[in-house]
Every structure is written in structure tokens, then in C-alpha cells.
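So the structure is just underneath, and the comments pick up after that.
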Amino acid sequence: MFPAVGRARRNFLPWLVYSGMLMPFGILSRQESELIILRVAALRDADYELEHHKRLGKKAGLTTADIEAVQQAEHGLTGRRGMLIDATDDLIRHRQISDAVYAELMRHINEKELTALLLLVTNYDGLATLMDVLHVPLDEPRP
């Protein structure tokens, strides 16, 4: 994936810093960020990101059940995690968060976390588009 983004050399380093500030050094927890990224990847059929972030998610402490849940249409997550995923669904499907989801989401997060969520979702949605258009192949599995 990095060689694909690196085609635009002048943009690569600033993008890398930006992406790193969203995850792993973002406002949302590492586990929450990984769940959100996995959900974006599942909704976008972004196999590269899905496989890559399954590994990263496990390293961050996600369970196999967590990872499988965000790949299902009915994720079954509740509370804060469930609302982050519902908001991610709205953003990917409709480019907006419905009033009902927004109201419930804001019972669980603050404005700073909302901004981080929006930036994280749209960054990984953009990466999914880039990898799809450029036909970025999956990495070889690691042992």
C-alpha cells in the first residue's frame, strides 16, 4: 500500500504523519480505531485493509469475536463501541450521520472524539478508494 501512496511523493510524508496522528496516535483508543477501520474495510470490500487490520486489531487487544462482529451486517456491539460502528455505517453508506444515530452517539463521545471519528472514517474510506482504483494487491501472508 505504501508504494501506491508513495506515487505522489510530495504528498506521502504529510499523509503518513496525518494518518499516524489518527491511528495509532489518535484521540480514540487503539481498539476503537481498529474496530472502526475494520468496519470501513468490511463495508468497502477492502480486502487489503481488512487483512492488514485484523492483525493490527489482534495486537491492539481485539478478540476474534470483535473482529468477526464488525464484518457482519448486524454487528451486535452495544454502548460506545456499537454507536461508533453505527456512525461509521452511516458515514460510509450515506456520507452523513442520521439524527437518531448522532443523538445516541453523542451520549457516548465528546466533540473532540467525534471529529477524530470523522477524520478516521474518511481517511480509511479514501485509502479504500485509492487501493481499489490502483488495484493494490494483498500482501503476502506473514508467518
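Residues of segment 50-76 being among the hydrophobic types (A, V, I, L, M, F, W, C) and over 16 Å from the mean Cα position of the chain (by Cα), which ones?
The one that is among the hydrophobic types (A, V, I, L, M, F, W, C) and over 16 Å from the mean Cα position of the chain (by Cα): Ala65.
Filter segment 50-81 for residues that are in contact with a Gly (Cβ under 8 Å, 6 or more places away or on another chain) and assigned to a helix (DSSP H, G or I) and give the result.
Across segment 50-81, the qualifying residues are Asp66, Ile67, Ala69.
Which residues, taken from segment 92-104, are farther than 18 Å from Ala69 by Cβ and among the aliphatic types (A, V, I, L, M)?
Ile97, Ala100, Ala103
Within segment 90-101, does at least one residue satisfy the condition of being surrounded by 12 or more Cβ atoms within 10 Å (Cβ to Cβ), within 20 Å of Ser19 (Cβ to Cβ) and without any contact (Cβ under 8 Å) to a residue 24 or more places away in the chain?
The answer is no, given that none of the residues of segment 90-101 is surrounded by 12 or more Cβ atoms within 10 Å (Cβ to Cβ), within 20 Å of Ser19 (Cβ to Cβ) and without any contact (Cβ under 8 Å) to a residue 24 or more places away in the chain.
So Leu120 fits all but one of (1) surrounded by 14 or more Cβ atoms within 10 Å (Cβ to Cβ); (2) at pLDDT 95 or above; (3) in a loop (DSSP other than H, G, I, E, B); what number is the exception?
Of (1) surrounded by 14 or more Cβ atoms within 10 Å (Cβ to Cβ); (2) at pLDDT 95 or above; (3) in a loop (DSSP other than H, G, I, E, B), only one is false for Leu120: (3).
Could you grab me the full set of residues in segment 34-49 that are of a type outside the set (Asp, Glu), under 14 Å from Asp125 (Cβ atoms) and assigned to a helix (DSSP H, G or I)?
Ile36, Ile37, Leu38, Arg39, Val40, Ala41, Ala42, Leu43, Tyr48
Among the candidates Gly20, Gly26, which residue alone is assigned to a loop (DSSP other than H, G, I, E, B), modelled with pLDDT under 95 and small (Gly, Ala, Ser)?
Within the list Gly20, Gly26, the selection yields Gly26.
Residue under question is Arg30, and the condition is that it be crowded, with 18+ Cβ neighbours inside 10 Å and free of Cβ contacts under 8 Å to residues at least 60 places away in the same chain; does it hold?
No, not satisfied.
Name the single residue, out of those in segment 106-126 being of a type in the set (A, V, I, L, M, F, W, C) and touching a Lys or Arg at 6+ places or on another chain (Cβ under 9 Å), that is farthest from Pro24 (Cα to Cα).
Ile109
Any residue in segment 92-113 that is in a helix (DSSP H, G or I), of a type in the set (Ser, Thr, Tyr) and within 17 Å of the chain's Cα centre (by Cα)? Full working, then the answer.
The first filter runs over segment 92-113 and keeps only residues in a helix (DSSP H, G or I), leaving 92-94, 99-105, 111-113.
With of a type in the set (Ser, Thr, Tyr) added as a condition, the list becomes 102.
Subset that is within 17 Å of the chain's Cα centre (by Cα): none.
Taking every residue of segment 92-113 in turn, none turns out to be in a helix (DSSP H, G or I), of a type in the set (Ser, Thr, Tyr) and within 17 Å of the chain's Cα centre (by Cα).
The values are calculated or read from the model by the stated rules, or taken from the named source; none is laboratory data. Computed from a predicted model, the values in this text were never measured in an experiment. All Cβ positions, glycine included, derive from the backbone under ideal geometry; neighbour counts span all protein chains shown.
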